[in-house]
1. How many residues are at pLDDT 95 or above, hydrophobic (A, V, I, L, M, F, W, C) and not in a helix (DSSP H, G or I) when one looks only at region 82-120?
2. What number of residues within region 104-124 are surrounded by 17 or more Cβ atoms within 10 Å (Cβ to Cβ) and either within 14 Å of the chain's Cα centre (by Cα) or free of Cβ contacts under 8 Å to residues at least 40 places away in the same chain (or both)?
3. Name the residue, out of T161, T204, that is within 16 Å of the ligand (Cβ to nearest atom), among the hydroxyl-bearing types (S, T, Y) and either more than 23 Å from A99 (Cα to Cα) or surrounded by fewer than 16 Cβ atoms within 10 Å (Cβ to Cβ) (or both).
4. Hey, does region 170-183 have a residue that's part of a helix (DSSP H, G or I), at pLDDT below 95, among the aromatic types (F, W, Y) and under 17 Å from V83 (Cα atoms)?
5. Could you say whether any residue in region 157-164 is part of a helix (DSSP H, G or I), modelled with pLDDT of 95 or more and either of a type in the set (D, E, K, R) or more than 24 Å from K218 (Cβ to Cβ) (or both)?
6. Do we find that K145 is modelled with pLDDT of 95 or more, under 15 Å from the mean Cα position of the chain (by Cα) and among the basic types (K, R) in this structure?
7. I'm trying to understand the selection: among the residues of region 20-49, which are in contact (Cβ under 8 Å) with a residue 40 or more places away in the chain and within 9 Å of the ligand (Cβ to nearest atom)?
Amino acid sequence: MKGATALVTGGSRGIGRAVVQRLLADGYEVINFSRTAPKEILPGEIFESVDLGNAKRTREAAMDWAAKKDILNLVNNAGMIHVGKIEDITLEQIDDMVALNMVAPLLLLQAVLPAMRAQKFGRVVNIGSRAGLGKSGRTGYGGTKAGLAGMTRTWALETATQGITVNAIAPGPIETELFTASNHPDAPQTIKIRESIPVGRFGTPDEVAHAVCMFMDKRAGFITGQLLYVCGGMSVGLTG
Ligand code: NDP
């Protein structure tokens, strides 16, 4: 959308990077909040180093940009995972995941909501996970992603009459640098996961970005409070 400003978290690599690139291609100006700068800051992109696990810093950075620009498009993409069985997961790890996966999206929405309400237009897309349906070792990750899906529905209802839509995407396994680092393409476990995906392959960051941009579209005003699985059919069932 020409001239519109979007705030994307975790836009320096992986899925977030693909979202930034796609939004720029679609004509948005994009503010990228991540800790580390991308390899290349693209024309139309503004990078701000923010640790979104730090609530004070997150609120300050968001209020600062909200005072400078009408941010009518928000993509809460940054997320983190600690994997651990019930008996091993620590409160510190749970706190980390709550802070990044749930609190940061709330703080960012609080900062940009006044402009959305004033303009009677807003698009919010939260990136959850298929693990929100339940996955072994994902007490904190699955719990916070399911929590984000629940917050999405509440935010959708609270803003529904104001031209604002709030939706979520739950990706299945997407081949990002992070995913490949912990799932080597030739490892037996990786092959097993790949073979269990109905479409027979992992997803790409661009495919998630496409779904994000569908929700961001001006023409998507009748879609709100929805959770879309971008997972190659895994949320429906596994093959084999
Ligand atoms: P990556 O780890 O590749 O990228 C995460 C991005 O978030 C990076 O840009 C990172 O930048 C940023 N980030 C992480 N922690 C913080 C922080 N404390 N403050 C600011 N920025 C932060 O992740 P993916 O692209 O794989 O995942 C993106 C989203 O998609 C996440 O929410 C994830 O849970 C979700 N997802 C991913 C799946 C997959 O298979 N890849 C499957 C299901 C869901 P930096 O470290 O520089 O801050």
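The values are calculated or read from the model by the stated rules, or taken from the named source; none is laboratory data. Everything quoted here is computed from the prediction, not taken from an experiment. Please note: Cβ atoms are built from the backbone with ideal geometry, for glycine as well, and neighbour counts cover all protein chains shown.
1. Residues flagged as at pLDDT 95 or above, hydrophobic (A, V, I, L, M, F, W, C) and not in a helix (DSSP H, G or I) within region 82-120 amount to 2.
2. We begin by selecting, within region 104-124, every residue surrounded by 17 or more Cβ atoms within 10 Å (Cβ to Cβ); these are 104-105, 107-109, 111-113, 115-116, 121-124.
From what is left, the residues that are either within 14 Å of the chain's Cα centre (by Cα) or free of Cβ contacts under 8 Å to residues at least 40 places away in the same chain (or both) are 104-105, 108-109, 123-124.
Of the residues in region 104-124, 6 are surrounded by 17 or more Cβ atoms within 10 Å (Cβ to Cβ) and either within 14 Å of the chain's Cα centre (by Cα) or free of Cβ contacts under 8 Å to residues at least 40 places away in the same chain (or both).
3. Details: T161 fails: within 16 Å of the ligand (Cβ to nearest atom).
It is T204.
4. Here is the first cut: in region 170-183, the residues part of a helix (DSSP H, G or I) are 177-182.
Checking the rest, the ones that are also at pLDDT below 95 come to 177-182.
Within this subset, residues satisfying the condition of being among the aromatic types (F, W, Y) are 179.
When the remaining residues are screened for being under 17 Å from V83 (Cα atoms), the result is 179.
Yes, region 170-183 contains at least one residue that is part of a helix (DSSP H, G or I), at pLDDT below 95, among the aromatic types (F, W, Y) and under 17 Å from V83 (Cα atoms).
5. Just the residues of region 157-164 that are part of a helix (DSSP H, G or I), to begin with: 157-162.
Then drop every residue that is not modelled with pLDDT of 95 or more, which leaves 157-162.
Now narrow it down to the ones that are either of a type in the set (D, E, K, R) or more than 24 Å from K218 (Cβ to Cβ) (or both): 158.
Checked region 157-164: at least one residue is part of a helix (DSSP H, G or I), modelled with pLDDT of 95 or more and either of a type in the set (D, E, K, R) or more than 24 Å from K218 (Cβ to Cβ) (or both).
6. Working: modelled with pLDDT of 95 or more: yes; under 15 Å from the mean Cα position of the chain (by Cα): yes; among the basic types (K, R): yes.
So K145 fits the description; yes.
7. Of everything in region 20-49, those that are in contact (Cβ under 8 Å) with a residue 40 or more places away in the chain and within 9 Å of the ligand (Cβ to nearest atom) turn out to be F33, S34.
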